[in-house]
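K.L.:
One structure coming up, written as structure tokens, with questions to follow.
Read-outs: derived from the displayed coordinates by stated rules, not from any lab. For clarity, every value in this text was computed on a predicted model and none was experimentally measured. All Cβ positions, even for glycine, are placed from backbone atoms using ideal geometry, and neighbour counts span all protein chains on display.
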Amino acid sequence: MQQNVLTFAEQLTAAQRSAVHLEMRDSYGIAGEAEEFEHFKRTGVHPDTDLDSAGWSGWVSLVRGALARGVVMRRARIVSEPVTDYIRYEHAGTVVNLAAGELVRWLPRRQASDIALPGNDFWLFDDAIVRFNHFTGDGGSAGPTISDDLAVAKLCADAFEAVWERAIPHDQYIV
């Protein structure tokens, strides 16, 4: 594992073929989302699903740049059911990910019991570089680590593909 890591944007910009993301937590405590999440809990409506908004413009630009280079971006989320308020919030905001060009699927946790999964959420770039996302107990970011160990990359690739095969496309997954 490398401790000095490139930024996510640098890693995605370097990707040539694929970028896959596996998320396995039922809630995240990301400080920048706190106000929007509170709004969602009060109203049931995601306050920002505009691709051109300031909140999404950086992400949308990164995704579109990757897609223009031929990178396929897929995201899979393993979730407990019934889902948490945070997963409802995430589901409502996923329309932006899809509109930007990401492919997104959802897998109920009960259907993942026999899949060997890494201990942390991750991004895998070009089946070779893994960016593990670490979180504190309350869901705050604890920073990433990067691995270029091919055995680790294979574990993550195999886990992602197993989840992806079973997962439900976003437009068919009802929260």
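K.L.:
Looking at the chain as a GNM with Cα springs under 10 Å, which of V163, V63, V45 has the largest mean-square fluctuation?
P.N.:
Comparing V163, V63, V45 in a Gaussian network model of the chain, the most mobile one is V45.
K.L.:
Taking the beta-carbon count within 10 Å as an exposure proxy, list S147, S27, S80 from fewest neighbours to most.
P.N.:
Fewest-to-most ranking of S147, S27, S80: S80, S27, S147.
K.L.:
How would you classify segment 108-175 from its alpha-carbon gyration tensor, with a ≥ b ≥ c the square roots of the eigenvalues: rounded for a/c under 1.5, else prolate if a/b is greater than b/c, otherwise oblate?
P.N.:
Here segment 108-175 falls in the oblate category.
K.L.:
So, one more: Please compute, for the alpha-carbon atoms of the chain, the extent along each of the three principal axes and give them in descending order in Å.
P.N.:
That gives 45, 37, 30 Å along the principal axes, largest extent first.
K.L.:
Taking the dipole about the Cα centre of segment 8-172, with the C-beta of Lys and Arg at +1 and of Asp and Glu at -1, give me whichever of P169, S147, V83 is farthest to the positive side.
P.N.:
P169
K.L.:
Determine, for D85, D171, the number of other Cβ atoms within 10 Å of each Cβ, and report the residues in order from fewest to most.
P.N.:
Placing the least packed residue first, the sequence is D171, D85.
K.L.:
By count of other Cβ within 10 Å, fewest leading, how are V72, V83 ordered? Display every interim value, and only then the final one.
P.N.:
Working: V72 14, V83 21.
With the sparsest Cβ surroundings first, the list reads V72, V83.
K.L.:
Is there a quick way to get the dipole size of the chain? I mean about its Cα centre, with the Cβ of Lys and Arg at +1 and of Asp and Glu at -1; what is the value in debye to the nearest 20?
P.N.:
Value, rounded to 20: 300 debye.
K.L.:
Percent antiparallel among DSSP beta bridges with both residues in segment 23-175, to the nearest 5?
P.N.:
Counting only bridges with both partners in segment 23-175, antiparallel ones make up about 65 percent.
K.L.:
Hey, another quick one. If you average 1/r over all unlike Cα pairs in segment 1-60 and invert the result, what Kirkwood radius do you get in angstrom? It would help to have the intermediate numbers written out before the result.
P.N.:
Details: mean 1/r = 0.0689 Å⁻¹.
About 14.5 Å for segment 1-60.
K.L.:
Please give the Cα centre distance for segment 61-95 versus segment 119-143, rounded to the nearest Å.
P.N.:
15
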